[in-house]
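Peer 1: To start, I am sharing the structure in question, which I have written as structure tokens.
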């Protein structure tokens, strides 16, 4: 499957998602990459069944100028509405000053995050994107979201204040501290297309975690419509 990855901004250099998706290239995915938004054009979207957006409203990590014009935002809406798949990962959820069109399509926007810490990520309901996925624990930025759509279907949550056990994905709660619970993954539909939002992904270790790799692979197929799941069977 041919996939477009759009990434690279000041706080989230493109090296992390680029290295993070490298294992997918060996599993049947041909991933093209845009890091400089000046190289983006709206007509490129229709060349791909799925687009991965891991970039906020900054041209690049060296250029903080806005790139998500109203016409570009509307192009994403048109792309998804006509059947395209959009996966929005971590920094892609960070809204710009004038990104309301795209924020509405995504269904949420970044609100804040606690200090980077060990984060437990856990499926919380059956869904194709978390099929055969077990909980995992990695050092990450846990994102808290402002939810903008009333139809999001949350399938994965994250918890902080955990410590990782050696050499495995098990976590145990730190003593006398209540975990912060946040949305880690959800889906929604827009017209004929599908949107998946994933909040983990600040560090490359998260991307390379075997369980998160399963999430990414499943999300690509789901957003491409290859699971063909009826809406009432999500």
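The values are calculated or read from the model by the stated rules, or taken from the named source; none is laboratory data. Treat the numbers as computed from the prediction; the structure is a model and nothing was measured. When we count neighbours, we look across all protein chains shown, and the Cβ atoms used for this are built from the backbone with ideal geometry, even at glycine.
Peer 1: Being more than 24 Å from residue 102 (Cα to Cα), out of contact with any helix residue (DSSP H, G or I) (no Cβ under 9 Å at 6 or more places or on another chain), surrounded by fewer than 21 Cβ atoms within 10 Å (Cβ to Cβ) and modelled with pLDDT of 95 or more is the requirement here; does residue 179 meet it? Step through it out loud before you land on a result.
Peer 2: Values: more than 24 Å from residue 102 (Cα to Cα): yes; out of contact with any helix residue (DSSP H, G or I) (no Cβ under 9 Å at 6 or more places or on another chain): yes; surrounded by fewer than 21 Cβ atoms within 10 Å (Cβ to Cβ): yes; modelled with pLDDT of 95 or more: no.
For residue 179, the condition - more than 24 Å from residue 102 (Cα to Cα), out of contact with any helix residue (DSSP H, G or I) (no Cβ under 9 Å at 6 or more places or on another chain), surrounded by fewer than 21 Cβ atoms within 10 Å (Cβ to Cβ) and modelled with pLDDT of 95 or more - is not met.
Peer 1: Just to be sure, is residue 129 within 29 Å of residue 102 (Cβ to Cβ) and modelled with pLDDT of 95 or more?
Peer 2: Working: within 29 Å of residue 102 (Cβ to Cβ): yes; modelled with pLDDT of 95 or more: yes.
Considered against the rule, which asks whether it is within 29 Å of residue 102 (Cβ to Cβ) and modelled with pLDDT of 95 or more, residue 129 comes out as yes.
Peer 1: Any residue at all in region 1-17 that's crowded, with 19+ Cβ neighbours inside 10 Å and more than 24 Å from residue 186 (Cβ to Cβ)?
Peer 2: Yes: region 1-17 contains one or more residues that are crowded, with 19+ Cβ neighbours inside 10 Å and more than 24 Å from residue 186 (Cβ to Cβ).
Peer 1: In addition: Report the residue count in region 156-176 for those that are assigned to a strand (DSSP E or B), modelled with pLDDT of 65 or more and either surrounded by fewer than 15 Cβ atoms within 10 Å (Cβ to Cβ) or within 20 Å of the chain's Cα centre (by Cα) (or both).
Peer 2: Initially, region 156-176 is screened for residues assigned to a strand (DSSP E or B), giving 156-159, 162-164, 171-173.
Filter again for modelled with pLDDT of 65 or more, leaving 156-159, 171-172.
Pick out the ones that are also either surrounded by fewer than 15 Cβ atoms within 10 Å (Cβ to Cβ) or within 20 Å of the chain's Cα centre (by Cα) (or both) and you get 156-159, 172.
Going through region 156-176 one residue at a time, the tally reaches 5.
Listed here are the residues, each with its yes/no results for (1) farther than 25 Å from residue 112 by Cα; (2) in a helix (DSSP H, G or I).
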{"site": "182", "(1), (2)": "no, no"}
{"site": "186", "(1), (2)": "no, no"}
{"site": "196", "(1), (2)": "no, no"}
{"site": "200", "(1), (2)": "no, no"}
{"site": "205", "(1), (2)": "no, yes"}
{"site": "215", "(1), (2)": "no, yes"}
{"site": "218", "(1), (2)": "yes, yes"}
{"site": "221", "(1), (2)": "yes, yes"}
{"site": "225", "(1), (2)": "yes, no"}
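Peer 1: Now a separate question. Output the residues belonging to region 73-117 that are part of a loop (DSSP other than H, G, I, E, B) and modelled with pLDDT of 95 or more.
Peer 2: 82, 83, 84, 94, 95, 96, 97, 98, 99, 107
Peer 1: Confirm whether residue 33 is part of a strand (DSSP E or B) and free of Cβ contacts under 8 Å to residues at least 60 places away in the same chain.
Peer 2: On the way: part of a strand (DSSP E or B): yes; free of Cβ contacts under 8 Å to residues at least 60 places away in the same chain: yes.
Taking the combined requirement at face value, the residue satisfies it.
Peer 1: Just the residues that are crowded, with 22+ Cβ neighbours inside 10 Å and farther than 21 Å from residue 193 by Cα, please, taken from region 100-132.
Peer 2: Listed by number, the residues that qualify are 119, 120, 121.
Peer 1: Follow-up question, since we're still on this one. Please go through region 135-152 and give me each residue that is exposed (fewer than 15 other Cβ atoms within 10 Å of the Cβ) and modelled with pLDDT of 95 or more, ordered by number. Can you show your working first?
Peer 2: The first filter runs over region 135-152 and keeps only residues exposed (fewer than 15 other Cβ atoms within 10 Å of the Cβ), leaving 139, 146-147, 150-151.
Across region 135-152, the qualifying residues are 146, 147, 150, 151.
Residue by residue, here is whether (1) surrounded by fewer than 21 Cβ atoms within 10 Å (Cβ to Cβ); (2) modelled with pLDDT of 95 or more; (3) touching a strand residue (DSSP E or B) at 6+ places or on another chain (Cβ under 7 Å); (4) closer than 24 Å to residue 82 by Cβ holds:
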| position | (1), (2), (3), (4) |
| --- | --- |
| 195 | no, yes, yes, yes |
| 216 | no, yes, no, yes |
| 221 | yes, yes, no, yes |
| 229 | yes, no, no, yes |
